[in-house]
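Encoded as structure tokens, the structure appears first; notes follow it.
The values are calculated or read from the model by the stated rules, or taken from the named source; none is laboratory data. On a predicted model such as this, the values are computed, not experimentally measured, just so you know. All Cβ positions, glycine included, derive from the backbone under ideal geometry; neighbour counts span all protein chains shown.
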Amino acid sequence: MKYSRRKFIKTSTLAAGSLLYVPAMRNFAAAAKGNAAPIAVYTWNYGTKVGRIALEVIKKGGDGIDSIEKAINSVESDPTVKSVGLGGLPDASGEVTLDASIMDWNGNAGAVAYLKYIENPISVARLVKERTPHVLLAGEGALKFALSNGFKKTNLLTEESKKAWERWKKNHAKKINNHDTIGMLVLDANNNLSGGVSTSGLSYKLPGRVGDSPIIGAGLFVDNAVGAACSTGMGELAIKTSGSFLVVEKMREGYSPEEACKIAVERTTKYGRNQQICFLAMNSKGKVGAYALIRGFSYMVATQQGIKLFASKHLF
Ligand code: GLY
């Protein structure tokens, strides 16, 4: 499918001026009915700029992986975002450790876990997919791989995040939180599905903890014939339920993306109701849906018709 430049300019203009918040997908007709490619969907209110970047890459001839990498890079490199990349809140020992994964329409995937000092882990995950026979590199090995591929070491702990960590330590806070993983799913101009996820994980987590984001099937899963899904929230819940894989398998059985996400959220309830877990999905026709355990999850949908913010349905 060819992307229309005229339509893209209209999208950009709309997106620059307006951020809409609507309660359900029903009125965003193209994406809700499917066949809306190109379409990019992403977790939380990361703003219209992220969607514009994703669509622009496709307009220039990029595929879904190019689009996801560039759009997620913009969030990773934003020091004001406290849950992804540079400026992400650290673990309990004060170190920022990052997790990311990416998966394409051929079912090929790359991921990094417990990666320190590298601002753009999604780009390293892409290289794991493209330049190694492996799926997941972790810790020191992931860092060495990144450095040997030209990535630069960066101090990811900004002054602001350091002060927040010092406050947390001083108050002997037990609390861990911070659920704002960026997950993005793209149906590109060739009607191919891809997905990517990037996060600094739970703030003040135990050193060594890895979440769902780099675990294929937990934080991300793509099957081009069926659909794609990603998760945000308490990663342990998505790992224990193979949540993103479950969402895709439920879409394979014929459930809509929203119904499939709801089933995956329900599956987590045996572990309690207090920790947020959210799934976002898109099927191979471009139909989008989401579900969260607790009120408060939002997601954005970017198409040629515009870029909008939606409130997810929730169980509790
Ligand atoms: N969902 C992100 C994490 O648990 O690390």
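Out of segment 185-201, which residues are of a type outside the set (S, T, N, Q) and either surrounded by fewer than 24 Cβ atoms within 10 Å (Cβ to Cβ) or outside any loop (DSSP other than H, G, I, E, B) (or both)? Across segment 185-201, the qualifying residues are Leu185, Val186, Leu187, Ala189, Leu193, Gly195, Gly196, Val197. Has segment 198-206 got at least one residue that is within 16 Å of the ligand (Cβ to nearest atom), at positive phi and of a type outside the set (Asp, Glu)? Within segment 198-206, one or more residues are within 16 Å of the ligand (Cβ to nearest atom), at positive phi and of a type outside the set (Asp, Glu).
Out of Gly211, Gly243, Gly235, one residue alone is farther than 18 Å from Ser312 by Cβ, small (Gly, Ala, Ser) and either within 16 Å of the ligand (Cβ to nearest atom) or surrounded by fewer than 21 Cβ atoms within 10 Å (Cβ to Cβ) (or both). It is Gly211. Within segment 63-70, identify whether any single residue is touching a strand residue (DSSP E or B) at 6+ places or on another chain (Cβ under 9 Å), of a type in the set (A, V, I, L, M), outside any loop (DSSP other than H, G, I, E, B) and touching a residue at least 40 places away in the same chain (Cβ under 8 Å), and answer yes or no. Yes, segment 63-70 contains a residue that is touching a strand residue (DSSP E or B) at 6+ places or on another chain (Cβ under 9 Å), of a type in the set (A, V, I, L, M), outside any loop (DSSP other than H, G, I, E, B) and touching a residue at least 40 places away in the same chain (Cβ under 8 Å).
The single condition among (1) charged (D, E, K, R); (2) in contact (Cβ under 8 Å) with a residue 60 or more places away in the chain; (3) farther than 14 Å from Tyr42 by Cα that Lys287 does not meet is (3). Filtering segment 254-266 to residues that are surrounded by fewer than 24 Cβ atoms within 10 Å (Cβ to Cβ) and either within 14 Å of His314 (Cα to Cα) or β-branched (Val, Ile, Thr) (or both) leaves Glu258, Glu259, Lys262, Ile263, Glu266. Checking the stated criteria, Ile294 turns out to be touching a strand residue (DSSP E or B) at 6+ places or on another chain (Cβ under 7 Å), surrounded by fewer than 24 Cβ atoms within 10 Å (Cβ to Cβ), of a type outside the set (S, T, N, Q) and within 30 Å of Ala92 (Cα to Cα).
The conditions of being more than 16 Å from the ligand (Cβ to nearest atom), modelled with pLDDT of 95 or more, within 16 Å of Val197 (Cα to Cα) and not hydrophobic (A, V, I, L, M, F, W, C) are met by Asn73.
A count restricted to segment 89-122 and to residues that are more than 15 Å from the chain's Cα centre (by Cα) and within 16 Å of the ligand (Cβ to nearest atom) stands at 10. Check off (1) more than 18 Å from the chain's Cα centre (by Cα); (2) surrounded by fewer than 24 Cβ atoms within 10 Å (Cβ to Cβ); (3) in contact (Cβ under 8 Å) with a residue 12 or more places away in the chain; (4) more than 19 Å from Trp44 (Cβ to Cβ) for Met251 and give me the number that stays unchecked. Here Met251 clears every test but (2). Taking segment 174-184 on its own, how many of its residues are modelled with pLDDT under 95 and either part of a helix (DSSP H, G or I) or among the hydrophobic types (A, V, I, L, M, F, W, C) (or both)? Selection size over segment 174-184: 1. Taking the conditions (1) touching a Cys at 6+ places or on another chain (Cβ under 7 Å); (2) closer than 16 Å to Asp91 by Cβ in turn, Leu206 satisfies each one other than (1).
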